[in-house]
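The values are calculated or read from the model by the stated rules, or taken from the named source; none is laboratory data. Predicted model, so just to flag it, every value in this text is computed and none were measured. All Cβ positions, even for glycine, are placed from backbone atoms using ideal geometry, and neighbour counts span all protein chains on display. For the accessible areas, the whole protein counts, side chains as well, though only heavy atoms, and no ligand, DNA or RNA atoms are used. Shrake-Rupley method; radii C 1.70, N 1.55, O 1.52, S 1.80 Å.
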Amino acid sequence: MLFLTCITGLHEEILSHVGPFLKMDQALVTVHNMLPEGVDVFYTSDYCYKCLNQPLVTLKSGYQNTSVVVSTHFVLTLQVESQETNTPLCRWSQLYEEAGHYSVWVQQSDSSSNTTCSHTVDTSPQNAYLPLVVSALFLALLSLSCVTVPYCYRRRCTTKLIERMCLKGPQNSVDCAETQNGGAEAEAARPKQKRLRSLDTFRGFSLTAMVFVNYGGGGYWFFEHAPWNGLTVGDILMPWFVFIIGTSVVLAFSSMQRKGVTCVQLLRKLTWRTVVLMMIGFCFINYSPKDGPLSWSWLRVPGVLQRLGFTYFILSLMETFWGQREIPMRKNPWWKPVQDVVLYWPQWVFILLLETVWLCFTFLLPVPNCPIGYLGAGGIGDDGLYPNCTGGAAGYIDKWLLGHNIYRYPTCREMYRTTEPFDPEGVLGTINSVVLGFLGMQAGKILLFYKKMNVNILSRFLIWAIILGISTAILTKCTRDEGFIPVNKNLWSLSFVTCTGCFSFLLLGAMYFIMDIKGWWGGQPFIYPGMNSIFVYVGHSLLGSYFPFSWEMRFQQSHWERLFQGLWGTSLWILVAYLLYRKRFFLKI
């Protein structure tokens, strides 16, 4: 996370010309050594848990100065040490801002022999978030216009219709009769809405954000994945998709079972869909022509679609064998307040067994040269004691089962200086993916059991969100790194599942209230990619690096072009989904 580009012995007038070479998320720090002895400067990122100090620059005695380009993503802690005694002279933490030029003066205090480090700003930084604010305001105005213009148009047409009816009377007005007949015909021709608009919109919103993140997210770190522990916007999108899979499985299988689809037909359908999803992920998403000739020596076996396909397969099997074909009509049973849970007790037993397996493997499996239950990133983290223990049991199981055919560039590689491969879609994490999908199934069961009982639906969504939120707080101790089980997307930890499940219930409940209850919003434009999710996801993965979706950027000093490119590519895929919606083309497996 920090670039060790050094420029030694430059004067102030020369340093002023270094600015144009700074790229986005970079700042220039010049360290001036005013001591008669040499000093070493070390650094560590505050986001890096218990990381060893890393060498930044070395300055000899004789009033030397050295410039270094640093990252502006996270707060950095810098420490100056004497070369003679190896003792710390001064230490400070600071979040450097983009394109700023900073100077640090290491000198002796006038009043004592103590060493001080004073800081000055030579060139003011630029506002890195200005492109994001401008884009957000533009999208807000665009969304507002898309809502108000059709509303005003409908009000205008309604006003004209009322005037005609009042002036001519409905029996004498040909226009009114035509309008009434046309409206009746349109109403008769309009298909009945059987799909939940909120569910399609939730899926489309998650997919749209995922496409934007995969296009770089404007270069902002919070649109990327967290280095290890913690949660960013980029981390919560795939869990939302997994949650939606669970909800969709319950609603779809309930509909098919009511239509008389047999168990064998269901098994054939879910098996076929699983195989196709996993083969698309393995053959097309994990590999592209730009990777060169295909080789088993580096080909990755796990992947996003592979995990989604396997999760869908397990959830579908649960719903096929342990789902309720009909809701039993008993008069006020004692378990009625929790009937959406009690009636599916075999599924709950299976999920609890799965989670027990995850806990046992994670915290009890001996890993060579690593402490039992280790959840860290390894590398320089945890005081550098376990450099080859990235992911603990999860990483060990993947390497034992899959060998070198796993992801070689984990998100912790840069910050934690890790050398071990680690796959965020690995075997052990897939267990908790099924658990999160099962939480989505609970949302689907609530929608089925309490159909047209909107207060019950929303209250149960809220109760589930509270339970999961409290569970997350307990597991993490409300901290990023110090909890029993930290929130970690790479490991798909239990706290990660409860945290993202909490957000999923809240967001789905909010959309259900706005769209399916109040009808304030039709879900546009997210509903279009939500109804063609496989096409959009596979399409953007295969064609995302080609024009017109992306291009070689020329202005890399700020976020403007990269943010525009991400929004442009995402908008094109929304447009493609809309055109396919107009043509009634929906890619289904």
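Extension gain LYS452-VAL342, at 0.36 nm per residue separation less the Cα-Cα distance, in nm?
37.5 nm
Among LEU199, SER71, THR476, whose Cα projects farthest towards the positive end of the dipole of the chain, with charges put on the beta-carbon of Lys, Arg (+1) and Asp, Glu (-1)?
It is LEU199, whose Cα lies furthest towards the positive end.
Tell me, what is the FRET efficiency for ILE470 and ALA510 to the nearest 0.05, using R0 = 25 angstrom and their Cβ-Cβ distance as r?
0.80
Under a Cβ-only charge scheme (Lys and Arg +1, Asp and Glu -1), can you give me the dipole magnitude of the chain about the Cα centre, in debye to the nearest 20? Present the calculation step by step, with values, prior to reporting the outcome.
Working: 46 positive and 37 negative charges, 835 e Å.
My answer is approximately 4020 debye.
Place a point 7 Å from Cα of ASP383 in the direction of its Cβ. Which residues in region 460-485 have their backbone N less than 19 Å from it?
481-483
Just by accessible area at a 1.4 angstrom probe, what is the order of TYR450, TYR578 from largest to smallest?
Most to least solvent-accessible, the answer reads TYR578, TYR450.
Cβ neighbours within 10 Å, averaged per peptide: list 556-567, 52-63, 483-494 in order, most packed at the top.
Order by mean packing, descending: 483-494, 556-567, 52-63.
With every protein chain kept in the model, how would you rank MET415, MET279 by accessible area, 1.4 Å probe, largest at the top?
The most accessible residue leads, giving MET279, MET415.
For CYS146, what accessible surface area do you get with a 1.4 Å probe? Give it in Å², rounded to 10.
Approximately 90 Å² for this residue.
In deg cm²/dmol and to the nearest 500, what is the mean residue ellipticity at 222 nm of the chain if only DSSP H runs of at least 4 residues count, each as -39500 (n - 2.57), divided by the residue total? Intermediate values should be presented prior to the final figure.
On the way: 17 runs with 280 residues, N = 589.
-16000 deg cm²/dmol, from helical runs alone.
Rounding to the nearest 20 debye, state how big the charge dipole of region 437-589 is about its Cα centre with +1 on each Lys and Arg Cβ and -1 on each Asp and Glu Cβ.
Details: 14 positive and 5 negative charges, 119 e Å.
Dipole size: approximately 580 debye.
For region 530-550 and region 403-450, what is the centre-to-centre distance using only Cα atoms, to the nearest Å?
After rounding, the separation between the Cα centres reads 22 Å.
Sticking to Cα atoms, compute the Rg of region 367-505 to one decimal and its Dmax as the biggest Cα-Cα distance, whole number, in Å.
Over region 367-505's Cα set, Rg and Dmax evaluate to 17.8, 57 Å.
Go from 0 up to the bin containing the longest alpha carbon distance in region 505-589, width 10 Å each, and give me the % of pairs per bin.
Final binned percentages: 16, 35, 32, 16, 2.
Before anything else, pin down the relative contact order of region 391-477: Cα pairs under 8 Å, at least 6 apart, normalised by residue count, whole percent.
After rounding, I find 21 percent.
Can you tell me the FRET efficiency between LEU462 and LEU299 if r is taken as the Cβ-Cβ distance and R0 is 35 Å, rounded to the nearest 0.05?
Details: r = 45 Å, r/R0 = 1.28.
According to the calculation, E is roughly 0.20.
I want to verify the translational diffusion coefficient of the chain in µm²/s; compute it with Stokes-Einstein, Rh as the Kirkwood radius over Cα pairs, at 4 °C and 1.567 mPa s.
So the translational diffusion coefficient is about 47 µm²/s.
Can you find, among VAL249, VAL487, GLN108, the residue sitting farthest towards the positive end of the charge dipole of the chain, where Lys and Arg contribute +1 and Asp and Glu -1 at Cβ?
Farthest along the dipole direction, towards plus: VAL249.
Could you order ARG154, ARG417 by accessible surface area, starting with the largest, using a probe radius of 1.4 Å?
Per-residue accessible area, sorted high to low, gives ARG154, ARG417.
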